[in-house]
Ligand SMILES: *Cc1c(COP(=O)(O)O)cnc(C)c1O
């Protein structure tokens with residue numbers, strides 16, 4: 001399918017290009033030393049990902065350890081309530097550890113093993129990426145250092161406990177505001193010293209090349225499965241698909257299965273409390289081109305041009321930028337990016353729980369909320385939503401802040 005001059009038949013051969021660019025977005029804006037480390041990872045990835053042994057091992061892990069393929073569920077009661085549109089969800093909440101993140105963490109850790117590395121390093125904000133990576137490290141017998149701001153460590157006690165139980169070393173970061181940004185800086189600094197023995201594992205389709213490409217490729221299993229399952233279940237393609245976008249990994253993998261199809265694709269960003277800078281994290285909708293954390297993309301900037309403070313009820317979505325591929329697909333118009341706010345999201349969280357017996361992650365609830373609005377607008381047809389994770393982690397906070405609805 002040709003869309004706006006781009007041939008999606010050959011899209012994955014051409015994007016990103018050899019330097020990691022999706023159009024003008026992407027690249028690797030990092031120190032020469034780190035550039036060398038990224039080069040090493042890129043070369044290893046291109047060799048290893050084609051090896052039969054690597055592919056067979058990753059397939060086996062997905063099936064026997066992660067529990068893939070995850071199913072698609074038809075949301076019959078919710079669809080009936082909304083009208084004639086049929087809604088479906090791809091159940092990444094049923095992937096081991098309860099979200100899609102393990103898909104790329106197992107891939108990254110397997111790559112580390114093939115490269116002969118002894119350790120994986122990462123930062124984490126809410127702790128979800130840290131838990132997924134600690135799980136992968138335990139599985140492969142790798143050391144695991146997770147950098148986390150002191151403020152986040154206090155706020156995310158259950159995930160800190162999970163990481164420690166899984167054998168990870170949680171490194172407290174006490175610089176600056178003691179949250180995600182400082183944790184990223186500290187993890188990168190550690191990696192620059194340790195890159196001979198360690199590999200940095202980024203938690204989304206972010207950071208310098210090759211990570212936006214590699215993480216998308218590891219997540220593409222979601223889109224491939226979903227397309228096959230949906231066609232088998234209904235005999236046709238969905239009319240529209242929807243995923244939430246923080247950094248953009250669950251969306252990138254899910255969308256990749258449908259880019260070459262006549263399917264409307266929607267990415268949903270968090271509008272939080274409203275449109276004012278600092279009240280949301282809708283970087284593609286309100287941001288502008290800029291470089292942060294080693295890549296060029298669309299980002300929310302403050303008056304000095306630095307990454308702006310962001311807010312969302314979903315801590316997995318509050319990042320002031322999104323992956324370069326999303327910026328590219330946004331400018332191209334192939335994917336439409338829209339927003340829902342905290343209130344709509346919390347309503348969707350309870351609605352899906354009550355009508356379908358699925359408690360969604362508050363991140364995924366953004367996609368559900370948008371899917372419900374889209375269903376009313378479309379009037380007929382089908383919508384497939386990527387349910388990126390389960391909501392057990394969010395229950396206490398939602399009840400405390402919003403009560404039972
Ligand atoms: C981390 C997380 C997200 C956001 O990350 P993306 O890279 O945008 O996918 C979404 N849903 C869940 C359940 C998460 O844990």
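None of the figures in this text is laboratory data; all of them are computed from the coordinates on show. Computed from a predicted model, the values in this text were never measured in an experiment. Methodologically, a virtual Cβ is constructed for each residue, glycine included, from the backbone with ideal geometry; neighbour enumeration extends over all protein chains shown.
In plain terms, the residue of 113, 118, 196, 393 with the fewest other Cβ atoms within 10 Å comes first and the most crowded comes last, giving 196, 118, 113, 393.
I'd like the Kirkwood hydrodynamic radius of the chain, using the inverse of the mean 1/r over distinct C-alpha pairs, in Å.
Working: mean 1/r = 0.0476 Å⁻¹.
Hydrodynamic radius (Kirkwood, Cα pairs) of the chain is 21.0 Å.
Taking every DSSP beta bridge that has both ends in the chain, the antiparallel portion is near 35%.
How large is the convex hull of the Cα atoms of region 196-262 per residue, expressed in Å³ as a whole number? Present the calculation step by step, with values, prior to reporting the outcome.
Numbers: hull volume 6.1 nm³, N = 67.
It comes to 91 Å³ per residue, whole-number rounded.
Using a simple spin-label model with pseudo-atoms 7 Å out from Cα toward Cβ, residue 19 and residue 261 lie 3.5 nm apart.
Can you sort 366, 293, 96 from fewest to most other Cβ atoms within 10 Å of each residue's own Cβ? Can you show the working numbers first?
Numbers: 366 35, 293 21, 96 18.
Lowest to highest Cβ neighbour count: 96, 293, 366.
For the pair region 1-71 / region 189-239, the C-alpha centres are spaced 8 Å from each other. On the basis of the beta-carbon distance and an R0 of 60 Å, residue 154 and residue 231 show a calculated FRET efficiency of 0.80. Hydrodynamic estimate: the Kirkwood radius of region 227-386 over Cα pairs, inserted into Stokes-Einstein at 37 °C and 0.692 mPa s, corresponds to D of 206 µm²/s. When the convex hull of the Cα atoms of region 335-396 is projected onto a plane and the area is averaged over all directions, what value comes out in nm²? Reported value for the Cα convex hull: 4.6 nm².
Quick one: Cα convex hull volume of region 220-321, Å³ per residue? List each step's numbers first, then the result.
Values: hull volume 11.7 nm³, N = 102.
Measuring per residue, one finds 114 Å³ for the Cα hull of region 220-321.
Computed over the chain with a Gaussian network model linking Cα atoms closer than 10 Å, the most mobile of 159, 14, 296 is 14. Of the three principal axes defined by the Cα atoms of region 104-163, the extents in descending order read 35, 17, 15 Å.
Using the number of other C-beta atoms within 10 angstrom as an exposure proxy, rank 286, 319 with the fewest first. Kindly include the intermediate steps, with their values, before the conclusion.
On the way: 286 18, 319 28.
Final ranking by Cβ density, sparse to dense: 286, 319.
For region 130-247, the fraction of C-alpha pairs more than 21 angstrom apart is 51%. Grab the beta carbon distance between residue 33 and residue 3, set R0 = 56 Å, and tell me the FRET efficiency rounded to 0.05. The pair residue 33/residue 3 has a calculated efficiency of 0.90.
Here the Kirkwood formula puts the hydrodynamic radius of region 125-199 at 12.3 Å, using every distinct Cα pair. Dividing the radius of gyration of the alpha carbons in region 37-166 by their Kirkwood radius gives 1.07 for Rg/Rh. Ranked by the mean number of other Cβ atoms within 10 Å of their residues, highest first, the peptides 165-176, 247-258 come out as 247-258, 165-176. From its DSSP helices (H runs of at least four residues, each -39,500 (n - 2.57)), the chain gives a residue-normalised ellipticity at 222 nm of -13500 deg cm²/dmol.
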